[in-house]
Amino acid sequence: MIAMRRLVMVAVGLAFAAPAGAQMPLGPSTKRFADIAQLAQEGYGDSARASIGRILTAMPRTDPAYPEALYTAGIVARTGDSMRSVFSRLVVNYATTPWADRALLRLIQIDYGLGKMELVTNETSRFFGDFPDSPFIPTAAKWGALAAFSQQKMQQGCDWLTRGIAKVGEDLELKNQLLFAKQNCNLGPGVQFAPKNEDSLRAPPPRPATDTAKPTPTPPAKAPAKAPMKTPVTNVASPWRVQVAAIRDKAVIQSMIKKIESAGFKAYTVAGPGGLTRVQAGPFATRAAALSAVPKVKSAAGGSPIVVPAP
């Protein structure tokens, strides 16, 4: 369990850059805090934790910068328990600050990475209730819907996706992810939701219509079979990847690609916000398979891996 909690660092891989599709940076905005987050992103977690610890010790809790400092401490925390403790404190005690919605989104990501889907849906419900105007609504909608679908809560997931799409704005990458996920909700005339299938959420193959004509005393000649019902079949089971980092330096990107490939994975690069490039390893057929590969990916390529759906 301790090892799994440490693997929750998958939710911290985007501490410095926005998570896939976020409309605003999810990391700290003040330079000294952003530098600390960057330090952790580059593998100097102990130094980052020491730096933010000194700042928090010296800073009065009434200081306007305190919530951002606390948020930074959560980003660079060593374990999942520590992260959850800091982010939960922010959500409860600093709910009116600009860092509360970010902290709750972090909790959603952490618990999704740990497979705590029921907790994710509860947190997403709270996010929509407490922060209806947050610019992170579309990102929360994505993770919340994935968790809801895994529990067969189709109506809830589809409602969140609808609200997320309405607020996604010009972020085409996130919009495409939300629309892709919403294929679970629209399968054709008269069909509102995809059928229950925990593993892939696929629609079933079309079934031929049954002949309701009354039987005759003698065997009738074989009539041509009726055409099958044309229910659209959508394959919405997306492969998964492990995102290693979001970086700008081309040389570092190439080095990371080689490390990923030397570990036996395929390397991917995906354009991110602000000129960043997301470097990913994969593909994985299920989220569980991607999670189990995180230690190997981290050992080979470093960074702070996070499990993400393939674009």
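No lab work stands behind these numbers, since they all come straight from the coordinates. The structure presented is a predicted model; accordingly, all values stated were derived computationally and were not measured. Every residue, glycine among them, receives a Cβ derived from its backbone with ideal geometry; neighbour counts consider all protein chains shown.
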Can you compute the modelled spin-label distance between THR30 and TYR44, with each label point 7 Å from Cα toward Cβ, in nm?
2.0 nm
FRET E, pair LEU119, LYS296, Förster distance 35 Å, beta-carbon r, rounded to 0.05
0.85
Where q = 0.11, 0.19, 0.27 Å⁻¹, what log10 of I(q)/I(0) comes from the Debye formula for segment 238-311, counting one point per Cα?
-0.22, -0.65, -1.28
Output row, site GLU261, 7 Å Cα→C-beta label point, backbone N cut-off 16 Å, window segment 278-311, residues 279-283, 301
Sites ALA58 and ALA166 - FRET efficiency at Förster radius 41 Å, r taken between beta-carbons, to 0.05
0.40
Near LYS175, which aspartates and glutamates are there with a Cα under 16 Å away, not counting those fewer than 8 places off in the same chain?
ASP159
7 Å from Cα along Cα→Cβ at both ALA285 and ASP130: what's the point-to-point distance in nm?
3.9 nm
Close lysine pairs (segment 238-311; alpha-carbon distance under 14 Å; 8 or more apart or on separate chains) counted at 6
Candidates per GluC sites (Glu not before Pro) in segment 95-180, loop by DSSP, up to 11 other Cβ within 10 Å
GLU170
Roughly how many whole Å is it from the C-alpha centroid of segment 69-145 to that of segment 279-311?
22 Å
